[in-house]
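Readers should treat all values here as calculations from the given coordinates under stated rules, not as data from a laboratory. Model, not experiment: these values are computed from the prediction. When we count neighbours, we look across all protein chains shown, and the Cβ atoms used for this are built from the backbone with ideal geometry, even at glycine.
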Amino acid sequence: MKQLGCFWIFLLLSLCAAGQQTVLITDARQLKKGLYKSFEEFQANNPSEEGDLVIKNRSSAAQIYLLANRNELVLRDGTGQEHKVKNYWGFCDGTNIYIKDNGLNKIEETGYYCIYTLHGIQPSRNYLNQADMTTNSVSTPVALKKVLNVVTGQILELSAYNLKKYILPPDSALLDEFRADREKKDQLEYYIYRFNQRNKPVIP
């Protein structure tokens, strides 16, 4: 009888542990504020570090000439001093999630596939200033849409090829609709939204 009781307790604890493992950030009622040191911490809405974390933007010149990211994450201590945060995956301010990819980029859509825009600045061709005959360079903002698979952690560029090859195949009806759509190149985000509405992410 005692062994039977121990068995049921063990089974109950195992089921509780299994239930905890399957909870995804997409099912969270509230986002937890803090620093994600890994994709798994983001996936489980379980940041491992908290504190006075602030995103600070860098100048265009620093991005071009120092090859620096467009922004950085700093931690303010009790005295108000700022310390650069290194070796982390992302950050949540309690309302928005930011993924580290050439700086911090806000996730715009959360679901099976999360959408974010990678921002950067690159130097373009030099031009001649006729007024003083000097050569100046023009900085060009660059924006690239990317998607993150909330189950696997895979990051892909949001493109028609990747939608057809990697993202939509599990949903054959939506894939057929995408293939038949003559204006699909202008509606890539729309198909991510549709896929997210029709498919619930589950950790295997």
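Results, tabulated for the structure shown:
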| quantity | calculated |
| --- | --- |
| Karplus (6.51, -1.76, 1.60) ³J(HN,Hα), θ = phi - 60°, over segment 152-168, in Hz, Gly and Pro reported as x | 9, x, 5, 10, 10, 5, 7, 9, 4, 4, 5, 4, 6, 8, 10, 8, 7 |
| Members of K165/K185; K37/K100; K33/K200; K164/K185 lying beyond 19 Å, as alpha-carbon distances in this model show | K33/K200 |
| Quotient of C-alpha Rg and 2.2 N^0.38 Å, computed over segment 152-192 | 1.09 |
| Segment N46-R194, extension gain: residue separation times 0.36 nm, minus the distance between their alpha carbons | 50.6 nm |
| Projected label distance in nm at D176 and K164, using a 7 Å step from Cα toward the beta-carbon | 1.8 |
| Ordering of 103-110, 173-180 by burial proxy (mean other Cβ atoms within 10 Å per residue, highest first) | 103-110, 173-180 |
| Net charge contributed by nearby residues that have their C-beta within less than 13 Å of E41 (K/R +1, D/E -1) | +1 |
